[in-house]
Amino acid sequence: MAPSVQQLTALVTAGSLVSLMGCSSPQQQAQGSGQNGEQELLLVSYAVTKSAYDRILPKFVADWKAKTGQTLKINTSYGGSGSQTRAVIDGLEADVVTLALGADVLKLQQAGLVEAGWQKELANDSIITNSVVALLTRPGNPKGIRTWSDLAKSGVTVVTANPKTSGGARWNFLGLWGSITQTGGNAQQAETFVSNVYKNVDNLPKDAREASDVFLMRNQGDVLLNYENEAILATRTGNLKTPFTVPELNIRIEGPVAVVDKVVDRKGTRKAAEALAAYLLNEPAQQIFADEGFRPTNPTVWKRVKARFAPVKRVFTVADFGGWQTVDATFFANGGIWDRLFSKSR
């Protein structure tokens, strides 16, 4: 049986904390500093970024040590972006957040944790990665799924994460909606199409990585909607046996970074936290993001790696929907379009 809307909105977990450089006591985490001048940071991110940060963070730690002489321990927490945002609001003491969408950072701003104007603190409006929505299918693509419209066909089972807990799922939703409204269709036509797609969804995993596991490891569904970087990873590991499709009309997925001002000022970690945020836009980190399947936002790195990625003829952005405040209020707030469509599709 599919879970109710109430059950789905309760699926909020912070993800597990993993120490990059050894465990630390709660007292050290609270103070932000350990013995011998060591300092700790907590990076909170969304599920599919872990492989990139496993490579980036040690490089930053070494760079910081060389520049300042200080040893850093960086703890990490991964999970659905919506879940992670709620966890930070509820007290998870993140120094830096790299979430799946700007709307989640705006929620931290509204909660008084991040200062207004965070977008302008770094280049590119503090967007550190781009991506697009990819369609992953079974070997040989037996259902012939190649375009957005194919997802609404009778007999097709779709896997996508839950927009209440997953930033990636919200991008999927906007990609579906925009495939109609950005090609001349109206809101009613978009609602009908998206409702038909979600009628083909059997379950809603809590985040993008769990959605990949449902499709690739548990062999559920005919097609998976997910980040392009997840499709690239699945191809590289051999878990995906057939080429994935990137629709030529697509949404530009934008992943932001922000320093959690209220936390760093209390812990005394602002300098290191700001340095980490800035480092994520530098070439070494951007190259690793590219290697892990994300589209880098650094122009130099993008020029170097652009040929690796599927061509997209036309992209639309969240700005085409009026920006994140409008999107959240219209689509994802309690009682919004998502809740209405979900109840209809069940």
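Computed quantities for the displayed model
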quantity	calculated
Computed E for Thr183/Lys50 - FRET, C-beta separation, R0 45 angstrom, nearest 0.05	0.80
For the chain, built as a Gaussian network whose Cα springs stay under 10 Å, the top-fluctuating residue of Ser179, Ser195, Ser154	Ser154
Convex hull per residue volume in Å³, alpha carbons only, for the chain	132 Å³
Helix 270-279 axis, angle to the chain major axis (alpha carbon atoms, nearest 10°)	50 degrees
Helical mean residue ellipticity (222 nm; -39500 (n - 2.57) per DSSP H run of 4+; nearest 500) of the chain	-11500 deg cm²/dmol
Karplus 3J(HN,Hα) series, Hz, for segment 178-189 with 6.51 cos²θ - 1.76 cosθ + 1.60 (x for Gly, Pro)	x, 4, 9, 6, 8, 10, x, x, 9, 5, 5, 5
Size of electric dipole in segment 117-157: Cβ of Lys, Arg +1 and of Asp, Glu -1, about Cα centre, debye, nearest 20	340 debye
Proxy reagent accessibility, fewest Cβ within 10 Å first, across Glu38, Glu230	Glu38, Glu230
Relative exposure of Tyr198, Tyr279, judged by other C-beta atoms within 10 Å (fewest first)	Tyr279, Tyr198
Assigned charges on the beta-carbon of Lys, Arg, Asp, Glu; the chain dipole about Cα centre (debye)	740 debye
Folded to 0 to 90 degrees: helix 50-68 orientation relative to the chain principal axis, Cα	20 degrees
Set of lysines near Lys65 by C-alpha distance (under 28 Å), chain-local residues within fewer than 8 positions excluded	Lys50, Lys73, Lys120, Lys262, Lys267, Lys271
Neighbourhood charge, 9 Å Cβ-Cβ cut-off, centred on Asp261 and excluding it, Lys, Arg +1 and Asp, Glu -1	0
Pair Lys344, Lys65: separation of 7 Å Cα→Cβ label points (nm)	5.7 nm
Top positive-direction residue, dipole computed over the chain with Cβ charges, set Ile251, Trp171, Thr237	Thr237
Under the Karplus curve 6.51 cos²θ - 1.76 cosθ + 1.60, θ = phi - 60°, whole-Hz ³J(HN,Hα) for segment 199-213, x wherever Gly or Pro sits	5, 8, 9, 7, 8, 10, x, 6, 8, 5, 5, 5, 4, 4, 5
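Just so you know, all these numbers are worked out from the coordinates, no wet-lab data involved. A quick note: this is a predicted structure, and the numbers were derived from the prediction, not measured. Neighbour counts run over all protein chains shown; Cβ positions are idealised from the backbone, glycine included.
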